[in-house]
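This report refers to the structure that appears directly beneath it.
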Amino acid sequence: MTTPQFPLQDQLRGYSRALFSTWLYHRRFNILFDAGEGVSTGLMNRVFGIRRVFLSHGHADHIAGLINLINIRNLGAGDQTASLQIYFPRDNRLIEYVTDYLTRTQKDLSFKLEWIPLDADEKIILDDQKSKIFMRTFKTRHSQRQLSLGYNIIEQRRRLKPQFAGLSQREINETIWAKGKEEVAEEFEKIIFSYGGDSRPIEPEKISESLFLCHECTYMDVEDDERNFQQHSYLDEVLETAMAAKVETLLLFHTSLRYNLDEIRKKLEEAIAKKNPACRILVLYGDGIFDTAATQNWRRRIQKEKAQEKASGEHP
Ligand SMILES: [Zn+2]
């Protein structure tokens, strides 16, 4: 009943910048969360490993990569027969336009493609053999006009009932011998991975004690949302959300293009010093995942960005 160190960073590959493109591939479950532009060129032959796509909403930066993805799955040099299921928030006009385009243009697919509309609080079994791992959807707050969804990967686990916590192993064993295993153990649902898409802060109870929360963080400061659309989140409130939900690892993504990596690093340092969150914090910036506890790879990318800025004479 120990908690494995999961998910490891090498299980994830993605790209994210607000307005431009967001996608995140989770290798262990062969799941792609969102399908922004560049997903196929980013994953190359790994696109054949994708079995399920879960879309958070229908904005272009989250679905523009679908057409190419399906085309490559159909024609590329990989397993062209592996089925693909695309899950999306129900009644989404923008996603329906894309499905319509694909049905018109891709009549003879070499693999089975399914489009599956979802509502909030739906359960999708991911592990067919034991039904121990499943996805559950939750509603997020993004656009007024369309349903947007977040996703939790949940594992059915067993643990000692709280009333046995203070007893010795011998006493517990005696109860098991006398009354059976079920007397001392209980099943519970552990959230092992959460993906929110674009949204205002997710309600902490929806992602409670998640091992790995992917939360958007479009703005570093509240004042930066100058158009005041109130559709996205800023750093302080994302940290508060992660702390209230007691998540183990927080991955920030969907940062606005106004910040370069050095600015994000500074803002993060300030916010962490102020709030002192217990969770580990990572940032998906462009195609790189940066760990706030390991400065080495940040430094390399920041230097590269500075050199590029100098060469082009403008902000990247
Ligand atoms: Zn977006």
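Worth a mention:
- Restricting segment 236-275 to trypsin sites (Lys or Arg not before Pro) that sit in a DSSP loop and have at most 15 other Cβ atoms within 10 Å of their own Cβ leaves Lys246, Arg258.
- For segment 147-156, Karplus couplings with θ = phi - 60° (6.51, -1.76, 1.60), whole Hz, Gly/Pro x: 5, 10, 10, x, 9, 10, 8, 10, 10, 6
- Only helices enter the 222 nm calculation for the chain: every DSSP H run of n ≥ 4 contributes -39,500 (n - 2.57), and dividing by all residues gives -8000 deg cm²/dmol, rounded to 500.
- Shape category assigned to segment 191-234 from the gyration tensor of Cα positions, a/c cut at 1.5: prolate
- GluC sites (Glu not before Pro), loop per DSSP, at most 14 other Cβ atoms within 10 Å - longest free stretch of the chain: 1-208
- Shape of segment 1-140, Cα gyration tensor, a/c cut at 1.5: rounded
- Each Cα pair under 8 Å and six or more residues apart adds its sequence gap; the mean of these over the residue count of the chain is a relative contact order of 14 percent.
- Here the Kirkwood formula puts the hydrodynamic radius of the chain at 21.0 Å, using every distinct Cα pair.
- Cα-based equivalent ellipsoid, segment 15-76: semi-axes from gyration tensor eigenvalues, Å: 17, 13, 10
Coordinate-derived values only; no laboratory data. Model, not experiment: these values are computed from the prediction. In this analysis, Cβ positions are derived from the backbone assuming ideal geometry, glycine residues included, and neighbour counts consider all displayed protein chains.
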